[in-house]
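Student: Here it is, the structure, as C-alpha cells.
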Amino acid sequence: MPDDTVLIIRFHLVGGEDVSVVSRDFSGKTEALEAAARALDERRSLVLTRARYNRETDMDGLVINLANVVSVRVSRTDSAEAGQYL
C-alpha cells in the first residue's frame, strides 16, 4: 500500500452531524468503501490504524462505531460541504 494515499472518510450520523477522518489505511476509495460496507453489514466497528480524527495533527488508531451512521463518503479531497445524503 502506498504511503501517499490519503483518503477523507466522512461519516454522516443519525443526528445530522458529520464526522471527518483522514486515513492512510487503504490503497484507494474502493477498498475503503468495501471495508466500511462490510463493517456495516456485519454490525461491527470500523478499525483504522493510521488515521486522524477531524483534522488533528497526529496519526493514531481509531475505532469507529458505525451503529448510528447513516452514510459514509470517501474522497481524496476534503470539503466543508457535506452534500446530499441518501
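The values are calculated or read from the model by the stated rules, or taken from the named source; none is laboratory data. Owing to the predicted nature of the structure, the values given are computational and were not obtained by experimental measurement. Every residue, glycine as well, gets a Cβ built from its backbone with ideal geometry; the counts of neighbours run over all protein chains shown.
Student: In the range 21-67, what residues are under 13 Å from residue 10 (Cα atoms) and loosely packed, with under 11 Cβ neighbours inside 10 Å?
Tutor: Within the range 21-67, 54, 55 qualify.
Student: Which of the following residues is among the basic types (Lys, Arg) and touching a residue at least 60 places away in the same chain (Cβ under 8 Å): 38, 10, 52?
Tutor: It is 10.
Student: State the number of residues belonging to the range 1-24 that are more than 16 Å from residue 67 (Cα to Cα) and over 10 Å from the mean Cα position of the chain (by Cα).
Tutor: Counting residues in the range 1-24 that are more than 16 Å from residue 67 (Cα to Cα) and over 10 Å from the mean Cα position of the chain (by Cα) gives 7.
Student: Turning to a different aspect of this structure: Going through 78, 41 one at a time, which residue ends up being acidic (Asp, Glu) and modelled with pLDDT of 90 or more?
Tutor: 41
Student: Filter the range 8-20 down to the residues that are part of a strand (DSSP E or B) and of a type in the set (D, E, K, R), then identify the one that is surrounded by the fewest Cβ atoms within 10 Å (Cβ to Cβ).
Tutor: From the range 8-20, those part of a strand (DSSP E or B) are 8-13, 18-20; that's our starting set.
If we keep only those that are of a type in the set (D, E, K, R) as well, we get 10, 18.
On the way: 10: 18, 18: 15.
Per the criteria, the residue is 18.
Student: Residue check, residue 5 against (1) modelled with pLDDT of 90 or more; (2) surrounded by 15 or more Cβ atoms within 10 Å (Cβ to Cβ); (3) not aliphatic (A, V, I, L, M), all met but one. Which one?
Tutor: With (1) modelled with pLDDT of 90 or more; (2) surrounded by 15 or more Cβ atoms within 10 Å (Cβ to Cβ); (3) not aliphatic (A, V, I, L, M) applied to residue 5, the lone miss is (1).
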